[in-house]
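For reference, the structure is listed below as structure tokens.
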Amino acid sequence: MSQVKVDQFASQIGMPVERLLEKLSDAGIAGKSATDSLTDAEKKTFLMHLQSKAAAPRAQMTMKSSKSTEIKQTSKTGAAKTVQVEVRKKRRVMSAGGVMSAGSVSAEVERLEAEKQARDAKRAEEAATRAQHAEHLESEKKAEITKREVEEQASKQRVEDEMEKRQVAADALVEQEKVKKAAEAREAAIQKNAKKVLEAGQKKKNLAGSELHVRRKHRGNIKRPKATRRPNNLQSSISDQHGFERPTAPVIHDVAVPETISVGELAQKMSVKAAEVIKVMMGMGSMATINQVIDQDTAILVVEEMGHNATQAEDDTLEAELIQSVIDDSAVGVERAPVVTVMGHVDHGKTSILDYIRKAKVADGEAGGITQHIGAYRVSTKNGDICFLDTPGHAAFSAMRERGAKVTDIIILVVAADDGVKPQTVEAIKHAKKAEVPLIIAINKMDKEGADPDRVKQELATQEVVPEDWGGDTLMVEVSAHTGAGIDDLLESVLLQAELQSLTAVNTGVAMGSVVEARMEKGRGAVATILVSRGQLTKGDIVLVGREYGRIRVMLSDIGEQVTTAGPSTPVEIQGLSGVPVSGDELLVLDSERKAREIATTRQSQFKEVKMARQQKAKLENMFNKMEEGDVKTLNLIIKADVQGSVEALVDTLEKLSTDEVRVNVVHSMVGGINESDVNLAVTSESILVAFNVRADSGSKKLIVKEDVDVHYYSIIYDVVDDVTAALTGMLSPIMREEFVGTVEVREVYHVPKVGAISGCFVKDGYVKRSLPVRVLRDNVVIFDGAIDSLRRFKEDVNEVKSGYECGIGIKNYNDIKEGDMIEVYEVKAKAATL
């Protein structure tokens, strides 16, 4: 036994230090203090002194000890926590014979020390388990409180939304009830006035004559004897007086519906009350008042819903009368030049062929070498003149190409010999067939190595375009815009086709034409490219072009020279209109500026009514959907471009990008540069300004910087479509997808009190991670979907266990786990959505 200090030895045997010093002095060990050490010999002497005493039959010693231990625990959230554990012990040690020997005391002390350490370790482990269990209970309590708060908030929000919906519906019903009562009051007033008029007339008849001659259908012309007549019986007189019978079947009316019509006028055409029409519209999901203007499509649906026959009314009566008044039908037509439209896919060489014909490089002036405006050119050949229309081949200009197909006589469809038939090629074929215009196929790029004209002919044959040498009726010419080979043959084919069509037009008198393109230019005003179709257009003429009018101040030819007159099949550029017309509008020369202004004003009013009716229709159709489904994410745009055709193409293309989740809303679109009103509109409507080949003026630039308006400048339509598509994609909600992580087999199940079922598992595939969700499968059927509560390897908590290892898994809020079950571990990842 090693040396020990007196105070330590006193603590071990449970005796005060002063008393121990006295006992030591009695045993002959004097001069000791509390801090002095006792040797083994001195302790032996002290024990022998104690053995010599027979005062008590048994000697006993009380030993006390205490030990403090710090245990570090890690919670599920990763936070560290320290737990202090203090173990206090008290033991009495007695010898078997009543007196303990020194060896027995030493052995007993060592045994007690070993037992104490074992108990300390066990209690420390139990304390750690209790601390972990308390941490688990606290975490579950917090999760339950958070879940309850979220559920309460969601329930409160649902109640508020439901109350708001009911309030909106109640307000709508109140408004409809007001309208219904007003209509009924008007109807009652009309009936009351009719009754008064009828009574007044009957009273006048009674006062004027003493006899009433009543003609009844069932009695012919037989008169009642004077003695049996009842002149003072008003009811009998009224019933005998009417000459109609109540219909036994519903009366079906033929209703001609104009482009816009009010609800009251529509009810009058069907001979029903306006309240009935409003009721039917409410049943169709549209709320309207008696004076509200609706569009033609909605009105036709209402008429058919009420059992009547609806037809579209022709509103061009004024235009027809106007054209008839100025056109001389007796004029004789003369031969005119054919109007040829060049169509085809992007970069197949349409403009290059036209350039070779005109001996001018038009494509060099287009951004990116892509034609983005419609150009009209008249060229002279040795066999006659030809008017060409060059249309863009990009898909965004479908409407422009279709418009070109309507005003043309012949279509040259350009197909690259090395590329074959493409989507825009097929689209051009459809436009030509719809307009019933003959096709001439120009197989271009024959100078390239990969040129294969037979493959092109085969692909065209699948589109029902069969070449003449294959037994069809379509002319096909192999050309090269680079070398000029075959161009003369192409022109001869055009003139031959024109000769077969016998194209004629009146080249005298009042002029008519169509707008090919229109734009607003600084310093020149509204500029329109006109293709004359009849008569002679002269500088100084008063013209009506769609919703615009004016006097021609300047007229330029296709090569930029000023001209004074233009005949049929001649393209010219005119200035002097009141505004920018729409491509495709008809031009007509009038003799009075006042008449042109009145007609233009009338057309503008009709256009505004139609636009407002369509907007109202969209609002009515979307109102209930928005109440139930919530607002769709909307990207507001303001489009400014250099020409009208580009505006139409951009609006049409961008609006087609809309989906059920995101929508493109073109707030405003117009030809011309960006001005301050455009910037202010962008601020109020929270829109993005899209400038296509235009720029902002100095005042607008300062306002753009001040208001921090988002402005994007473009010169190629590809970039506009790509940027808007990217913006819409960013507005889409991400797609949540599940990815397989691992499979775990349950081999044993342990039920731990106050903890639940713990499954002994083996990771078969992948890995298992504490933070990932899991599914419990029994016979390949999902029976529970939840989360991992605990994950252990032996007695250690771990975050991840890989394939091929065993582990213990506890699943949160689920204890019905059985041997043989499979636990599937998966991960939910967000993936960016695309259009």
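The range 660-817: D in µm²/s via Stokes-Einstein (Kirkwood Rh, Cα pairs, 20 °C, 1.002 mPa s)?
On the way: Rh = 21.0 Å.
Approximately 102 µm²/s, per Stokes-Einstein.
Among Thr725, Gly760, Gly699, pick out the residue whose Cα is farthest towards the positive end of the charge dipole of the range 683-835, where Lys and Arg carry +1 and Asp and Glu carry -1 on C-beta, about the Cα centre.
After comparing all options, I get Gly760.
Packing-wise, with mean Cβ within 10 Å as the measure, how do 689-700, 771-782 rank, highest first? Before the final figure, lay out the partial values.
Numbers: 689-700: 17.9, 771-782: 13.8.
Result, highest mean Cβ count within 10 Å first: 689-700, 771-782.
Ordered by packing density, taken as the mean number of other Cβ atoms within 10 Å over each peptide's residues, highest first, how do 677-683, 30-36, 526-532, 545-551 rank?
On the way: 677-683: 18.6, 30-36: 11.6, 526-532: 24.7, 545-551: 22.7.
Ranking the peptides 677-683, 30-36, 526-532, 545-551 by packing returns 526-532, 545-551, 677-683, 30-36.
With an 8 Å cut-off on Cα pairs and a minimum separation of 6 or more residues, tell me the relative contact order of the range 446-577 in percent.
17
Separation between the Ile145 and Glu22 pseudo-spin-labels, each 7 Å from Cα along Cα→Cβ, expressed in nm?
According to this spin-label approximation, the distance is 6.0 nm.
First measure r as the distance between the Cβ atoms of Ser578 and Gln191, then evaluate 1/(1 + (r/R0)^6) with R0 = 51 Å and state the FRET efficiency to the nearest 0.05.
Details: r = 50 Å, r/R0 = 0.98.
So the FRET efficiency works out to roughly 0.55.
How many angstrom lie between the Cα centre of the range 1-32 and the Cα centre of the range 144-196?
98
Which of the pairs Lys433/Lys633; Lys430/Lys539; Lys633/Lys706; Lys457/Lys656 have their Cα atoms more than 30 Å apart in this structure?
Values: Lys433/Lys633 39 Å; Lys430/Lys539 38 Å; Lys633/Lys706 27 Å; Lys457/Lys656 33 Å.
Check vs 30 Å cut-off fails for Lys433/Lys633; Lys430/Lys539; Lys457/Lys656.
Size of the dipole of the range 682-835 about the Cα centre, Lys and Arg at +1 and Asp and Glu at -1 on the beta carbon, nothing else charged, in debye to 20?
Details: 20 positive and 25 negative charges, 78 e Å.
Taking the Cα centre of the range 682-835 as origin, the dipole is about 380 debye.
If you filter the range 477-535 for trypsin sites (Lys or Arg not before Pro), then keep DSSP loop positions with at most 14 other Cβ within 10 Å, what is left?
On the way: sites: Arg519, Lys522, Arg524, Arg534; in loops: Lys522, Arg524.
Here the sparse-neighbourhood loop sites are Lys522, Arg524.
What does the charge count near Gln3 come to, summing +1 for each Lys or Arg and -1 for each Asp or Glu among other residues with Cβ under 11 Å from its Cβ? Provide the component values of the computation, followed by the final result.
Numbers: positive: Lys5, Lys43; negative: Asp36, Asp40, Glu42.
Net charge in that neighbourhood comes out at -1.
Looking at the range 744-835, which chymotrypsin sites (Phe, Trp or Tyr not before Pro) are DSSP coil and have at most 16 other C-beta atoms within 10 Å of their C-beta? Display every interim value, and only then the final one.
On the way: sites: Tyr750, Phe762, Tyr767, Phe784, Phe794, Tyr805, Tyr814, Tyr826; in loops: Phe794, Tyr805, Tyr814.
Counting only loop positions with at most 16 other Cβ atoms within 10 Å, the chymotrypsin sites (Phe, Trp or Tyr not before Pro) in the range 744-835 are Phe794, Tyr805.
For a Förster distance of 51 Å, can you work out the FRET efficiency between the beta-carbons of Ala787 and Glu265, rounded to the nearest 0.05? Walk me through the numbers before you get to the answer.
Working: r = 65 Å, r/R0 = 1.28.
Calculated transfer efficiency: 0.20.
Pulled fully out, how much extra length does the chain show between Asp708 and Gln562, if you take 0.36 nm times their separation in residues and subtract their Cα-Cα distance? Don't skip to the answer; put the middle values down first.
Details: separation 146, 0.36 × 146 = 52.56 nm, distance 4.43 nm.
Length difference between fully extended and current span is 48.1 nm.
Please report Rg (one decimal) and Dmax (integer) in Å for the Cα set of the range 661-714.
Both quantities, over Cα of the range 661-714: 10.9, 38 Å.
Using only alpha carbon pairs under 8 Å that are at least six residues apart, calculate the relative contact order of the range 686-811 and give it in whole percent. Mind showing how you got there, number by number?
Values: 184 pairs, mean separation 23.2, N = 126.
Rounded, it is 18 percent for the range 686-811.
Under 20 Å between alpha carbons, and skipping anything fewer than 8 positions from Lys448 in its own chain: which aspartates and glutamates qualify?
Of all the aspartates and glutamates, those that pass the test against Lys448 - Cα under 20 Å, at least 8 places apart if same chain - are Asp347, Asp355, Asp418, Asp419, Glu459, Glu478, Asp488, Asp489.
When the accessible area of the range 677-804 is split by element with a 1.4 Å probe, what percent falls to carbon and sulfur?
52
For an R0 of 22 angstrom, estimate the FRET efficiency from the Cβ-Cβ distance between Ala118 and Lys795 and round to the nearest 0.05.
Numbers: r = 17 Å, r/R0 = 0.79.
Rounded to the nearest 0.05, the efficiency is 0.80.
Could you tell me which of the pairs Lys122/Lys795; Lys769/Lys812; Lys764/Lys818; Lys195/Lys279 are separated by over 19 angstrom between their Cα atoms in the structure shown? Intermediate results must be reported in sequence, preceding the final value.
On the way: Lys122/Lys795 14 Å; Lys769/Lys812 14 Å; Lys764/Lys818 17 Å; Lys195/Lys279 27 Å.
Violating the 19 Å Cα-Cα cut-off are Lys195/Lys279.
By the scheme Lys and Arg +1, Asp and Glu -1, what is the net charge of all other residues having a beta-carbon under 14 Å from that of Gln157? Display every interim value, and only then the final one.
Working: positive: Lys156, Arg158, Lys165; negative: Glu149, Glu151, Glu152, Glu160, Asp161, Glu162, Glu164.
Spelling it out: positives minus negatives among the neighbours equals -4.
Restricting to DSSP loop positions (anything but H, G, I, E, B) with no more than 12 other Cβ atoms inside 10 Å of their own Cβ, which GluC sites (Glu not before Pro) remain in the range 716-820? Could the numbers behind the result be given before it?
Working: sites: Glu738, Glu739, Glu745, Glu748, Glu796, Glu800, Glu806, Glu819; in loops: Glu819.
Loop-located and lightly packed - Glu819.
Among the aspartates and glutamates, which fall within straight-line cross-link reach of Lys434, defined as a Cα-Cα distance under 18 Å, with same-chain neighbours fewer than 8 residues apart omitted?
Answer for Lys434, where 18 Å is the Cα cut-off: Glu402, Asp409, Glu464, Asp473, listed by chain and number.
What is the packing order of peptides 423-429, 552-558, 574-580, 305-311, taking the mean over residues of other C-beta atoms within 10 Å and listing the highest first?
Working: 423-429: 19.4, 552-558: 17.4, 574-580: 21.3, 305-311: 15.3.
In descending order of packing, they fall as 574-580, 423-429, 552-558, 305-311.
The values are calculated or read from the model by the stated rules, or taken from the named source; none is laboratory data. Quick caveat: nothing in here was measured; it's all calculated off a predicted structure. FYI the Cβ positions are ideal-geometry reconstructions off the backbone, even for glycines, and counts take in every protein chain you see. With ligands, DNA and RNA removed, areas are computed over all heavy atoms of the protein, side chains included. Shrake-Rupley method; radii C 1.70, N 1.55, O 1.52, S 1.80 Å.
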